[in-house]
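Taking it in order: structure first as structure tokens, then the write-up.
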Amino acid sequence: MSKAYDVVILGAGPAGLAAALGAFDKGADTIIIEREGSPGGILKQCIHDGFGLITFKEKLSGPEYAERYIKEVKEKNIPMLISTYVVKVKKIEGLFYITLVNSSNGVFEITSKSLILANGCRERTSKQVFINGTRPAGVYSAGTAQYFVNILGYLPCKKCVILGSGDIGLIMARRLTLEGAKVVGVYEAKVAPSGLSRNIAQCLEDYSIPLYLSHTITRIIGDERVEAVEIAQVDENMNPIKGTEEVVECDGVILSVGLIPENEIAESLNISIDRGTKGPIVDQNFMTGIEGVFSCGNALHVNDLVDYVSESGKFAGENAAAYVKEKEKRLLRVVKAEDSNFLYVVPQYVNLQSANTKIVLYFRVRDIKSKATVQVTYKGKVLFSKKYAHLKPPEMERIEIDIKDLDIDSEAAGVFEMSMSY
Amino acid sequence: MNRNLKGIERDIRKIIGKEICCSEWHSSIVLEGEVNQWSEVILAGKLAANKGYKGVINKIKVKGLVLPQIKRPAIEDKALEGKIVDVLIIGGGIIGSSIARELSKWDISIMLIDKEEDLAMHTSSRNDGMVHPGIEAKPGSKRAVFNVRGNELYSKVTEELDVPFERCGSNWLFDKRWVKLAKPFIMSRAKKSGVKGISFLNKDEMRRLEPNIIDDFQLAIHFETTGILSPYKMTIAYGENAVENGAEVSLNTIVLSMEKEEEKIISVTTNRGKIYPKAVINAAGVFADEIANMAGDQFFTIHPRKGQIIFIDKKKGQLINSVIAKPPINLVKGNTKGGGIVKTIDGNVLIGPDAYEQPFKEDYSTSRDNIDAILRRHLPLVPKFSPADVITYCAGNRAATYEEDFIIERSEYVYNLIHAAGIQSPGLASAPAIAEEIEKITYKLLSEVIQVNRKEHWNPRRKSIPDLSKMAFEERSKLIKQNPDYGVIICRCEEVSKGEIEDALRSPIPVSTVDGIKRRVRAGMGRCQGGFCMPLVMDVIAKETGKNMKTITKKGRFSNILNSDVQEEYKKAANSCDCQGIGGEDGGIHE
């Protein structure tokens, strides 16, 4: 058998590319596995701008942003297998055996000392949000519609409704309008939009596309192509209110009803998944419950900015390289965010034995909050405190804490508590 | 039984409160009149059924209800004009396809027609894929007899046709220990019908078979002969083997009328020309009564009994191994199926179906109330299942008659017509036996007019498209070496390669719809429901068939996936808009 790699990265999207650079720069023998025919992940079809404001202080398009990383990966000669699909992963005595398939090698195996899961996420489907009615052509997830328009150059529909106000849905509302289709409206079951405020302004308001909050599609009508949808208002539990139904004619339904981290490989390794993020539970080094397996990007939790995806990828890559060189002991302490106020926090654990004491926490709030103070404490000691003017669920927050000065030797058990007062 | 039209009229009047006119025609009973709702139509039909008449012809109308016309194919041509065949089979579901295959061992010309773009587009792709043991139908009924025989035949036919089949067994759970007292009754019923392999299990024994089910039951009945298969793969396999043995399949072909002379069908007019058959087999599913009517031999009525089915993610598939249901105690009576939880042959779990009467034969819409009710009823059987595991759902219509039994017979009045009608549950389980019986009837009929000989080189075997995801790695590598497209994964959820999709497009009954590909190789059947692979599948279809992307449909007719080229729309919009330009990130439409 050929030698084991230090780090194998699954996925060549923004997370995987940054992870590869992170690992390579720390001297690890690294390889990227990508199932699609070229690297870049979903960025390949995101031809709108706004990528890289934090990292590069520039407004780049998706392909431009990806290209910066791809170029660097190529310059550094980091090997990458494209059009290669992971069939199976198993861990035996600290070594990962990754079974792959592609057209030139057939089924083959590589081995690695560590593994980074950078698989990204997928879109929730119409049935996963319990839309009923018929099953005609003309119902697409926003990402599929985006692929049709931006990659293949076809318009999927001429007059559509968009369900859900996630960012891709908003972007597609603008994109379809620019290409000559009529977007009747964006319908969102929640009381507040799911997408970023800047996308509401730039993609809907600038084009006079109406946004209907507390509305959902109750039924799809049309046997072959979509002919219409039935829209209804929903109550606070998002159940349709009888008597508010209205039929809206259209030939397409675009869904932007949420993203789910793709973690089938993590699950096959029995890695614990967080119910809030739907991604693996990790420590501050992005190491999952299984030693040597790291997770980053949208596979870890769905981000709203690519800059954070790349940041988590870089961390994961560097930490995987460090792990391969020297295994740290693990003394894990829970990071607990109050359920009532927070949707989730990542990482869910802190390894007190880790040399990495500067910890980045990403979190989302459950509801819109104004003038709220967020605190992180450990055994009563305040590690972080900040007053926010506004906190919104669609906007992920990033904070840093330092545990360098924590006296951990004497600690038996403790919890990093995250709380909010307003 | 004495036939008593007045008595039936009286019963209907008493129960429904409406005047329904009953008359006799060809020893069947005809019901005519008008009622206020569909449930009254059904009730009247049931009141008239099995009262000594051959069948119920229910022509009762619902006030204000206009039933939609049958959906016709988009094609009109003369491709089949003047075609002379020995046997014309109407309907390409599991029944028509299995009949075509069994008849293909004879040296006769066979044509199977179906109005859809593919086989198995109606009930045969909209059921739970269960091969029942044969205990539910009344002993001696055709549903019981053909079910038990069909179940037996599946071992051989699935092996010959290379269709995955597993005798996974089924289990009924009961809350009441006293169900045990019903054992002699169930065993005697099983004996009468010839159902083997029934055992009564206590809770521990049952939980050893299915460790992840609820604790909340006392007793289980286990049926070891129950099997599971993909109903559409089975239908396609039958159809393909028939074609490989010389039968012809004409899709997008609908029967419009039949011309008779002296109670014999001379020709059958379709949207693609007039066909001249020696024998006609009616296997038209929910439309079988309408076909019978065209031939002047309608002695039954199909009332579509709808069911909705939920599919859950493969990743929860390993939690169960078989078919599990917690039926109502009186399940051995009545025709309403309770549904349950079914481990599918592909590893998913299927939940349902429910059953309810409604008038629309081609309405496959689902409704929130039904889906919620199915989840409420069956999901708790396996505590680790959650509504978040649902990936999709669908609906189907059972082709039930009021007599609630199969019709498998040569017409009493039309010389060359054979009916395989009223094939509701357990129709899939019974199909191989129904085909066997129809083969005998057809042989006899044809032998009266022509010499019927065995085909010299009939091949009972058919190879299915290789399923690379299930192959041993060495074998898989070998195939990829022969055809590198087998190494290009198109559908990531179901691990389907480009090569498999190309195989489907080159198969004996090639169908270039997105759903056709999905049913043959499972691309798009997984948890993302084609979100990632649909454009890629379309691209393979376009390259392989030379079709323009815009003409590719989801399921035939007018179900095109795409509307137009971006460029076309851009140009049109630019021409119609004489002011500001459209397009570009900053040059969008501003007021």
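Summary table
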read-out	value
Test: residue in the stretch A:86-105 that is more than 18 Å from the chain's Cα centre (by Cα) and closer than 30 Å to A:GLY169 by Cα	yes
Residues located in the stretch B:100-120, provided they are crowded, with 22+ Cβ neighbours inside 10 Å, among the small types (Gly, Ala, Ser) and in a loop (DSSP other than H, G, I, E, B)	B:SER104, B:ALA120
Residues of the stretch B:529-551 classified as in contact with a helix residue (DSSP H, G or I) (Cβ under 9 Å, 6 or more places away or on another chain) and closer than 23 Å to B:GLY317 by Cα, total	4
Pairs where the first residue, in the stretch B:180-204, is farther than 17 Å from B:PHE217 by Cβ and the second is open to solvent by less than 50 Å² (accessible area, probe 1.4 Å) and of a type in the set (D, E, K, R), C-beta under 9 Å, 6+ apart	B:VAL195/B:ARG189
Residues that are among the charged types (D, E, K, R) and at pLDDT 95 or above, drawn from the stretch A:282-309	A:ASP283, A:GLU291, A:ASP307
Which listed residue is more than 9 Å from every other protein chain (Cβ to nearest Cβ) and without any contact (Cβ under 8 Å) to a residue 24 or more places away in the chain, from A:LYS44, A:LYS57, A:LYS113	A:LYS57
Residue match in the stretch B:232-247 (condition: within 18 Å of the chain's Cα centre (by Cα), modelled with pLDDT of 95 or more and farther than 23 Å from B:ARG520 by Cα)	no
The listed residue being aliphatic (A, V, I, L, M) and part of a helix (DSSP H, G or I), out of A:ILE265, A:ILE260, A:ILE254	A:ILE265
Any pair with Cβ under 9 angstrom, 6 or more apart, that starts in the stretch B:364-393 at a residue that is facing chain A (nearest Cβ under 7 Å) and open to solvent by less than 40 Å² (accessible area, probe 1.4 Å) and ends at one that is in a strand (DSSP E or B) and among the aromatic types (Phe, Trp, Tyr)	B:THR366/B:TYR393; B:ILE371/B:TYR393; B:VAL390/B:PHE311; B:ILE391/B:PHE311; B:THR392/B:PHE311; B:TYR393/B:PHE311
All strands (runs of 3 or more DSSP E) inside the stretch B:141-241 with 1 or more residues being surrounded by fewer than 15 Cβ atoms within 10 Å (Cβ to Cβ)	B:198-202
Odd one out for B:VAL452 among (1) under 29 Å from B:VAL514 (Cβ atoms); (2) more than 10 Å from every other protein chain (Cβ to nearest Cβ); (3) part of a loop (DSSP other than H, G, I, E, B); (4) open to solvent by less than 30 Å² (accessible area, probe 1.4 Å)	(1)
Options B:GLU475, B:GLU439; residue that is away from chain A (no Cβ under 14 Å) and either modelled with pLDDT of 95 or more or open to solvent by less than 10 Å² (accessible area, probe 1.4 Å) (or both)	B:GLU439
Within the stretch B:521-530, considering residues that are open to solvent by 20 Å² or more (accessible area, probe 1.4 Å) and on the phi < 0 side of the Ramachandran plot, the one farthest from the other protein chains (Cβ to nearest Cβ)	B:MET525
Boolean, B:GLU244 is open to solvent by 10 Å² or more (accessible area, probe 1.4 Å) and within 25 Å of B:PHE165 (Cβ to Cβ)	yes
Options A:ILE131, A:ILE110, A:ILE92; residue that is open to solvent by 40 Å² or more (accessible area, probe 1.4 Å) and out of contact with any Asp or Glu (no Cβ under 9 Å at 6 or more places or on another chain)	A:ILE92
Residue in the stretch B:249-262 that is within 30 Å of B:PRO139 (Cβ to Cβ), touching a residue at least 12 places away in the same chain (Cβ under 8 Å) and buried (at least 21 other Cβ atoms within 10 Å of the Cβ) present	no
Yes/no for B:LEU65 being aliphatic (A, V, I, L, M), over 30 Å from B:THR553 (Cα atoms), in a loop (DSSP other than H, G, I, E, B) and modelled with pLDDT of 95 or more	yes
Residue match in the stretch A:188-205 (condition: more than 27 Å from B:ILE310 (Cβ to Cβ), within 19 Å of the chain's Cα centre (by Cα), modelled with pLDDT of 95 or more and open to solvent by 20 Å² or more (accessible area, probe 1.4 Å))	no
Residue match in the stretch A:109-122 (condition: on the phi > 0 side of the Ramachandran plot and over 21 Å from the mean Cα position of the chain (by Cα))	no
Near pairs, Cβ below 7 angstrom, 6+ apart or cross-chain, from the stretch B:460-471 (surrounded by 17 or more Cβ atoms within 10 Å (Cβ to Cβ)) to any residue that is assigned to a loop (DSSP other than H, G, I, E, B) and hydroxyl-bearing (Ser, Thr, Tyr)	B:ILE465/B:SER507
Condition check for B:ALA74: farther than 26 Å from B:TRP458 by Cα, among the aliphatic types (A, V, I, L, M) and assigned to a loop (DSSP other than H, G, I, E, B)	yes
Meets criteria (surrounded by 20 or more Cβ atoms within 10 Å (Cβ to Cβ) and part of a loop (DSSP other than H, G, I, E, B)) for A:ALA28	yes
Selection within the stretch A:125-141 - more than 23 Å from the chain's Cα centre (by Cα), at the interface with chain B (Cβ under 7 Å from one of its Cβ atoms) and hydrophobic (A, V, I, L, M, F, W, C)	A:ALA137
Odd one out for A:LYS159 among (1) crowded, with 24+ Cβ neighbours inside 10 Å; (2) more than 9 Å from chain B (Cβ to nearest Cβ); (3) over 30 Å from A:LYS26 (Cβ atoms)	(1)
Total residues in the stretch B:480-513, condition more than 8 Å from chain A (Cβ to nearest Cβ), touching a strand residue (DSSP E or B) at 6+ places or on another chain (Cβ under 9 Å) and of a type in the set (A, V, I, L, M, F, W, C)	6
Residues that are in contact with a Leu (Cβ under 8 Å, 6 or more places away or on another chain) and open to solvent by 90 Å² or more (accessible area, probe 1.4 Å), drawn from the stretch B:25-68	B:LYS59
A:VAL334 being in contact (Cβ under 8 Å) with a residue 60 or more places away in the chain and over 24 Å from the mean Cα position of the chain (by Cα)	no
Residues satisfying the stated conditions in the stretch A:192-246, i.e. more than 14 Å from A:ASN132 (Cα to Cα) and of a type in the set (A, V, I, L, M, F, W, C)	A:ALA192, A:LEU196, A:ILE200, A:ALA201, A:CYS203, A:LEU204, A:ILE209, A:LEU211, A:LEU213, A:VAL234, A:MET238, A:ILE241
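The values are calculated or read from the model by the stated rules, or taken from the named source; none is laboratory data. Not measured: the values here are computed from a predicted model. All Cβ positions, even for glycine, are placed from backbone atoms using ideal geometry, and neighbour counts span all protein chains on display. Note: accessible area is taken over every heavy atom of the protein model, side chains too, but ligands, DNA and RNA are not part of it. Shrake-Rupley method; radii C 1.70, N 1.55, O 1.52, S 1.80 Å.
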